[in-house]
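For reference, the structure discussed in these notes is given below.
Values quoted throughout were computed directly from the atomic coordinates according to the rules given, and no laboratory measurement underlies them. Remember, predicted model here, so these are calculated numbers, not experimental data. Heads up, the Cβs are rebuilt from the backbone with ideal geometry, glycines too, and the neighbour counts pull from every protein chain shown.
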Amino acid sequence: MQTLQIILLAALLVGTAYCVRSLRALHQKTSSKFERISREITAATKDIKASVLQSYRQGEAFSQLVALLKFSAPIPPTRSWAASPDLLLTIADLVRIHKPRLVVELGSGVSTLIVAKSGAKKIISMDNSEEFADKTRELLKAHSVRGVEIRVAELAPHVSGVDWYDTSKFNDLKRIDLLIVDGPPGSKNPNARKPALSELIGRLSPRAVIVIDDVNRDGERELAEAFAEALPNHVLTIYPHEKGTAVISPR
């Protein structure tokens, strides 16, 4: 009888130990899962707050654009692959302050309209797509904007090793007062826009201003830094815009 009690007690102790270990393992697993879920919720909340703040800032910039430029017709959507309102507002401000006599833009679109409505005297916008060039022409016509030249410069192999605009389209350009670099498309090749430096640095006026979009990407940031290094009398300013904007302007 005593032996049976000892066996039962031992079995009870083993069972209790097993239950305790199982409960500990379950607790650790549950705690780990809870911590992971908590981290995911925290990260998602942070992303949502950043997105809401970004949307608010873009809305502010767009409202100011509408008030400043008084559009007479609808404008196409901004953001995503198109220029964001914060960049467009900066461009409008630079045109109004510096009053450029010649603006050269790499990549046409709603930014072309903004430059024209802000008072630039002469605008030449390069686009590698006939389709997008036509859309920009239609946009300008809808807003009764004249005197803007949209040039189609197809992409061709460049000595730098990337495809860039047909350089013959730039032969007649000199003394550029405002250069806007937002093309060619650079999302797949970080070096896609870098030929702008070697091809256009010698065509800038001494007091030229250079605007580069998408400097949140490494390729465009490096291009902005290279422009600033090549222009010792200029200063580089990086604006914390949605996609990052670099402005290289005279000191």
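Using mean Cβ contacts within 10 Å as the protection proxy, how do 165-178, 146-159, 187-200 order, highest first?
In descending order of packing, they fall as 187-200, 165-178, 146-159.
The spacing between region 200-251 and region 127-170, judged by their C-alpha centroids, is 21 Å. Taking a point 7 Å out from the Cα of Leu155 in the direction of its Cβ, the residues of region 83-110 whose backbone N falls within less than 13 Å of it are 107. The phi torsions of region 202-214, fed into the Karplus equation with coefficients 6.51, -1.76 and 1.60 and a -60° offset, translate into couplings of x, 9, 8, 6, x, 9, 5, 10, 10, 10, 10, 8, 6 Hz, rounded to whole numbers, with Gly and Pro shown as x. Out of every Cα-Cα pair that region 75-250 contains, those further apart than 26 angstrom amount to 20 percent. Given the pairs Lys174/Lys194; Lys99/Lys194; Lys188/Lys243; Lys70/Lys141; Lys135/Lys174; Lys169/Lys194, which span a C-alpha to C-alpha distance of over 23 angstrom in this model? Lys99/Lys194; Lys135/Lys174, as the Cα separations exceed 23 Å there. Peptides 240-250, 207-217, 92-102 ordered by packing proxy, namely the average of other Cβ atoms within 10 Å per residue, highest first: 207-217, 240-250, 92-102. For region 38-163, report the % of Cα-Cα distances exceeding 23 Å. The answer is 41 percent, as a whole percent. Modelled label positions at Lys169 and Val52, each set 7 Å beyond Cα in the direction of Cβ, lie 4.3 nm from each other.
Coupling constants for region 135-146 follow from the phi torsions by the Karplus curve (6.51 cos²θ - 1.76 cosθ + 1.60, θ = phi - 60°), and in residue order they are 5, 5, 4, 5, 4, 5, 5, 4, 9, 6, 9, 10 Hz; glycine and proline get x. Summarising the label geometry, the points placed 7 Å from Cα in the beta-carbon direction at Arg251 and Phe132 lie 3.6 nm from one another.
In this Cβ point-charge picture (+1 for Lys and Arg, -1 for Asp and Glu), region 47-100 has a dipole of about 140 debye about its Cα centre. Using amide H atoms built 1.01 Å from N in the peptide plane, name the residues 5+ places from Ser125, or on other chains, whose amide H lies under 5 Å from its own. Correct list: Glu105, Glu149, Ile150, Arg151. Stokes-Einstein diffusion for region 58-110 at 4 °C, viscosity 1.567 mPa s, with a Kirkwood radius from C-alpha pairs, works out to 108 µm²/s. Ordering Tyr239, Tyr56 by the number of other Cβ atoms within 10 Å of each residue's own Cβ, fewest first, gives Tyr56, Tyr239.
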